[in-house]
Amino acid sequence: MNSFEINKIIAAILLVVAIVIVLDKVSDDLFQVKKPENPGYKVEVVAQSISGTSDTAKKIDIASLLSMGDIDTGKKVFKKCAACHSINIGGKNKIGPALYNVVGRTVGSVSDYKYSKSLASYGKEWTFEELNGFLIKPAAWIKGTKMTYAGLKKEKDRASLIMYLNQNSESPKPLP
């Protein structure tokens, strides 16, 4: 390839760049867009709090919630939990603690499991209400928990799971 052909290639590239720049300037002059004073849209967000002491959690009628559930559905829902928890008598801890006898047990009380500081110091019992609040969104109910599960949004699923957990106990608690 001689120098004349190289010069033609470079000239063609420079010509294309010049044409693009000229077209950009001409199109800006032809199509002027008036920018709005306030760009975007205002979106109002209502803050919701899900915590162990929220008024919303206290207002839940646990008896009517549990009436929506059934143990067979709870057994199916527990399959999501079975990857990290066992439910059998004498079941071993997995990623999470064994859940046999969980209803009525003090939070963070399985002796051979290392809980997060927040769960170990929580100091409450796993009542139907506590389980319901925790299962909605564990990380929001007890801040600092190691449990990364997103939670159960459907009330029927939560009620069924709570009933299933209650049934898997030496002495199931009476339903409210």
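The values are calculated or read from the model by the stated rules, or taken from the named source; none is laboratory data. It should be emphasised that the depicted structure is a prediction, and the values quoted were computed from it without experimental measurement. Positions of Cβ are backbone-derived with ideal geometry, glycine not excepted, and every protein chain shown enters the neighbour counts.
Points worth noting:
- Residue match in the range 113-123 (condition: within 19 Å of Ala63 (Cα to Cα), in a helix (DSSP H, G or I) and among the polar types (S, T, N, Q)): no
- Matching entry among Val33, Val46, Val22 (being modelled with pLDDT of 90 or more and either out of contact with any helix residue (DSSP H, G or I) (no Cβ under 7 Å at 6 or more places or on another chain) or surrounded by 15 or more Cβ atoms within 10 Å (Cβ to Cβ) (or both)): Val22
- Check on Tyr115, touching a Ser or Thr at 6+ places or on another chain (Cβ under 8 Å) and crowded, with 17+ Cβ neighbours inside 10 Å: no
- All of (1) under 30 Å from Ser121 (Cβ atoms); (2) modelled with pLDDT under 90 hold for His85 with one exception: (2).
- Per-region count, the range 139-156, residues of a type outside the set (A, V, I, L, M) and either crowded, with 19+ Cβ neighbours inside 10 Å or not assigned by TED's automatic domain parsing to the domain that holds Ile89 (or both): 2
- On inspection, Ser171 qualifies as in a loop (DSSP other than H, G, I, E, B) and modelled with pLDDT under 95.
- Scanning the range 76-93 for residues that are within 21 Å of the chain's Cα centre (by Cα), surrounded by 14 or more Cβ atoms within 10 Å (Cβ to Cβ) and assigned to a loop (DSSP other than H, G, I, E, B) yields Cys84, His85.
- Any chance Ala139 is part of a loop (DSSP other than H, G, I, E, B), within 21 Å of the chain's Cα centre (by Cα) and without any contact (Cβ under 8 Å) to a residue 24 or more places away in the chain: no
- Residues that are of a type in the set (Lys, Arg), out of contact with any helix residue (DSSP H, G or I) (no Cβ under 9 Å at 6 or more places or on another chain), closer than 20 Å to Pro172 by Cα and surrounded by 12 or more Cβ atoms within 10 Å (Cβ to Cβ) do occur in the range 96-107, at least one of them.
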